[in-house]
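Student: What follows is a structure written as structure tokens; I'll ask about it next.
The values are calculated or read from the model by the stated rules, or taken from the named source; none is laboratory data. Worth saying up front: this structure is predicted, and the values here are computed from it rather than measured. Every residue, glycine among them, receives a Cβ derived from its backbone with ideal geometry; neighbour counts consider all protein chains shown.
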Amino acid sequence: MRATRDVVVLGSTGSIGRQAIEVAAAAPDRFRIVGIAGGGGNVDLLARQALELGVDVVAVARATAAQDLQLAFYAAARSGGYAEGQFAVPKILAGPDAAAELAAWQCDVVLNAITGSIGLAPTLAALDAGRTVALANKESLIAGGPLVLDRAKPGQLIPVDSEHSALAQCLRAGRTEEVRRLILTASGGPFRGRTRAQMQTATLEQAMAHPTWDMGPVITINSATLVNKGLEVIEAHLLFGVPYDAIDVVVHPQSVVHSMVEFVDGSTIAQASPPDMKLPIALALGWPDRVPGAAPPVDWTRAGQWTFEPLDSESFPAVALARAVGKAGGCLPAIYNAANEESVGAFVAGRLAFTGILDVVRTVVDAAVESGEHGTPSTVAEVLVAETWARGHAHHAVRRREERTRA
């Protein structure tokens, strides 16, 4: 009989965090959530989660939210019909280092679902404490790849992204030396089949109309530009140690085959399941064991069709640029990611055309290469400095484009 695993969920009020709580609730014999963390923007939900889960500790990134969280906890207890003395107030950690402190809490698995580079320090703290890290915070690898790989022991880092979870599953079919290449699948986003010229006037509403996944604005727009797939190529290299030239991307609009591994004998192993993040979340929490009933399987009684298309690199240059950035290494992946986030913000605000997102990212990356100032980071602070530099250069690049448009 498997022992119940104690789990800490960082980013519990976000989409991945909420689904992780549902996964744990459906398998109480497998998982017990002992700690949760949130940014502080939704203390009411954080308090309800803490009460319902009976956690030992809650962390909140905004120090001023600690008192609000305590009040919200008592309010949630009253609304839930708890009498005084029927519930225990969990320990509250507050401030910018609270998530990192919680990441080192006594547990078996830390699920890092924090958004942004603020998730890097908690990942490192969890690794240093010897915890298994179920990683949904892509910035930990994109921005801090060298730092993370230096700290992680074999088997300590388990991917939550559906594509990398699929690769991890497929890689079980052979030895490392038998792998010829990794194949990441991409839905193609809402602009699949369009040329760059046709995407020039794309609107925010059109970019947000993802055909298969329901995600936040940054990730959805990244899927429309295929920046997200470029970031996943970098992650795949760092997670599995496969050379960049042996990592390909193929467009699969149905998003049922999440990734594939091709072996040296010509065999290709694919992982298929309906688009549902609960499966990779459950697998990451229970790795290497599977969790029965984590998500519905493919319905083989219904007719269906899966199609695969080559990536149009001319219309969607994000993957090629990410591969070049990854090969260059150092802080360039962090710069690529930060410049993209700044550019996406400008697009959302109506200050930049859709195709201008990658133009600005390329401009910033070229400037970083020319400067030669952003080598391999040795601290989190160095990563953050590189990101700040990238955001500043992206901001200026957007402003220059606006000035040229007005002229």
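Student: Are any of the residues in segment 95-116 within 30 Å of T388 (Cα to Cα), without any contact (Cβ under 8 Å) to a residue 60 or more places away in the chain and outside any loop (DSSP other than H, G, I, E, B)?
Tutor: yes
Student: How about segment 162-200: which of its residues are in a loop (DSSP other than H, G, I, E, B), touching a residue at least 40 places away in the same chain (Cβ under 8 Å) and farther than 17 Å from Q254 by Cα?
Tutor: G174, R194, T195, Q200
Student: Restricting to segment 256-267, name every residue that is under 26 Å from V325 (Cα atoms) and among the polar types (S, T, N, Q).
Tutor: S259
Student: Mind checking whether some residue in segment 20-40 is part of a loop (DSSP other than H, G, I, E, B) and farther than 24 Å from D276 by Cβ?
Tutor: Yes: one or more hits.
Student: Here are A328, A295, A353, A322: which of them is out of contact with any Cys (no Cβ under 7 Å at 6 or more places or on another chain) and crowded, with 22+ Cβ neighbours inside 10 Å?
Tutor: Residue meeting the stated conditions: A322.
Student: Here is a follow-up. For segment 349-371, does any single residue satisfy the condition of being in contact with an Asp or Glu (Cβ under 9 Å, 6 or more places away or on another chain), over 19 Å from L231 (Cα atoms) and of a type in the set (A, V, I, L, M, F, W, C)?
Tutor: For segment 349-371, residues in contact with an Asp or Glu (Cβ under 9 Å, 6 or more places away or on another chain), over 19 Å from L231 (Cα atoms) and of a type in the set (A, V, I, L, M, F, W, C): present.
Student: Would you call A126 in the same structural domain as A270 (by TED's automatic domain parsing), among the small types (G, A, S), buried (at least 16 other Cβ atoms within 10 Å of the Cβ) and at pLDDT 95 or above?
Tutor: No.
Student: Can you confirm whether segment 68-82 contains a residue that is crowded, with 22+ Cβ neighbours inside 10 Å, among the hydrophobic types (A, V, I, L, M, F, W, C) and within 21 Å of the chain's Cα centre (by Cα)?
Tutor: Within segment 68-82, none of the residues are crowded, with 22+ Cβ neighbours inside 10 Å, among the hydrophobic types (A, V, I, L, M, F, W, C) and within 21 Å of the chain's Cα centre (by Cα).
Student: Something else: Determine if segment 256-269 includes at least one residue that is touching a Lys or Arg at 6+ places or on another chain (Cβ under 6 Å), touching a residue at least 60 places away in the same chain (Cβ under 8 Å) and part of a loop (DSSP other than H, G, I, E, B).
Tutor: yes
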